[in-house]
Amino acid sequence: MTMRDMVAAIEEDEVAAFERDGAAVVRGVIEPRWITAMRDAITDAMSDTDAAFTTRGGFYNGFLHWRRNAVFRDFLLNSSLPDIAQRFLRAKQVNFFYDQLIVKQPGLPSATPWHLDSTYFPTREGKVASIWIPFDHASPTSGAVTYFKGSHRWVRDRGRLSVEQFVRDLPPPGSEIAEHEFLAWTLEPGDVLIHDVDTLHGAPATGPTAQRRALATRWTDQDVLYDPRDDDFFHMARNGGLPIPAIALQSGAHLTSELFPIAWPRS
Ligand SMILES: O=C(O)CCC(=O)C(=O)O
């Protein structure tokens with residue numbers, strides 16, 4: 001069975017669980033050859049001092065590597081990733097939105113705080129999903145993303161919320177959401193996590209001895225529109241001095257452009 005066949009075999013109940021819970025795991029859908037190629041490309045990307053990146057303690061955070069590194073571009077557009085995005089978004093068209101490389105070094109503080117991706121996206125309407133791809137073993141105590149199950153429904157019901165508002169607006173203990181569960185999985189390279197970008201999530205530091213390399217990739221469906229704000233991710237990164245390209249889109253335009261290419265259907 002090819003990887004594409006494996007993606008095609010993703011069961012309806014897996015997609016339904018993603019829609020219900022806001023996140024899901026998909027096992028064994030990245031071919032080993034991509035893992036090998038991407039590990040080398042990540043090493044190159046991290047030594048590219050002109051790339052858009054920030055570092056904090058043991059945390060490397062780089063953006064838009066696909067624009068600078070042919071291996072990233074090939075992986076993002078020609079691996080099974082566009083098919084996975086299409087399947088879980090039930091999309092007629094998928095655009096690639098952006099990549100974020102997050103590498104955590106052992107023995108240094110590198111936890112990712114709870115956050116909602118959608119609060120810093122220049123988008124509205126449609127559906128946006130993130131596929132998180134580990135290139136090392138990752139567990140709920142060593143670098144794997146953890147989700148607050150069902151939290152995407154809160155954002156849907158209440159509109160755009162900051163994390164502070166989100167946590168403050170949770171009903172008091174004893175009410176139904178206090179019974180929430182966290183979703184977390186142990187992953188090996190080849191497995192991916194997919195989450196709705198309205199789902200509250202965070203991640204622990206890596207373990208004491210092992211580096212944790214992961215690529216967060218964002219994908220939009222055909223209904224997503226460009227909605228720039230002063231505090232969206234692209235504006236903030238550019239204002240912070242990162243080499244983020246200008247976005248030649250009018251507010252309200254569909255995303256399809258040189259910066260946000262169509263990834264599915266494949267050309
Ligand atoms: O890898 C991490 O530590 C965090 C990833 C994340 O927040 C994301 O994929 O949106």
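Using the Cβ-Cβ distance between residue 239 and residue 1 with R0 set to 51 Å, the FRET efficiency works out to roughly 0.60.
Going from the residue with the fewest nearby Cβ atoms within 10 Å to the one with the most, 133, 10 rank 10, 133. Based on C-alpha pairs under 8 angstrom that are at least 6 apart in sequence, the chain has a relative contact order of 30 percent.
Let me know the shape class of the chain, please: from the alpha-carbon gyration tensor, a ≥ b ≥ c as square roots of the eigenvalues, rounded when a/c is under 1.5, otherwise prolate if a/b is greater than b/c, or oblate. Spell out each step's value before the answer.
Numbers: a/c = 1.15, a/b = 1.09, b/c = 1.05.
Note, shape of the chain comes out rounded.
Convex hull of alpha carbon positions in region 1-94: directionally averaged projected area 7.6 nm².
In the chain, the calculated helix contribution to ellipticity at 222 nm averages -7000 deg cm²/dmol per residue, counting -39,500 (n - 2.57) for every DSSP H run with n ≥ 4.
Rounded to the nearest 0.05, what FRET efficiency do residue 250 and residue 209 give with R0 = 41 Å and r taken as the Cβ-Cβ distance? Could you check?
Numbers: r = 50 Å, r/R0 = 1.21.
The value I calculate is 0.25.
Counting Lys and Arg as +1 and Asp and Glu as -1 over every other residue whose Cβ lies under 14 Å from the Cβ of residue 66, the net charge comes to -1.
Simple spin-label estimate for residue 92 and residue 56 gives 4.0 nm between the two label positions (7 Å along the Cα-to-Cβ direction from each Cα).
Amide hydrogen proximity for residue 123: with H placed 1.01 Å from N in the peptide plane, the residues at 5 or more positions away or on another chain lying under 5 Å are 227. By the rule of a C-alpha distance below 16 Å, with chain neighbours fewer than 8 residues away ignored, the lysines paired with residue 127 are 92.
For the chain, modelled as a GNM whose springs connect Cα atoms under 10 angstrom apart, the maximal fluctuation among 55, 256, 199 occurs at 55.
Starting from one equal scatterer on each C-alpha and no solvent at all, send me the Debye-based log10 I(q)/I(0) for region 1-49 at q = 0.20 Å⁻¹, two decimals. Treating every Cα as an identical point scatterer, log10 I(q)/I(0) equals -0.77.
Every read-out reported here was derived from the displayed coordinates using simple, explicitly stated rules and does not represent laboratory data. As the structure is a prediction and not an experimental result, all values here were calculated from the model. In this analysis, Cβ positions are derived from the backbone assuming ideal geometry, glycine residues included, and neighbour counts consider all displayed protein chains.
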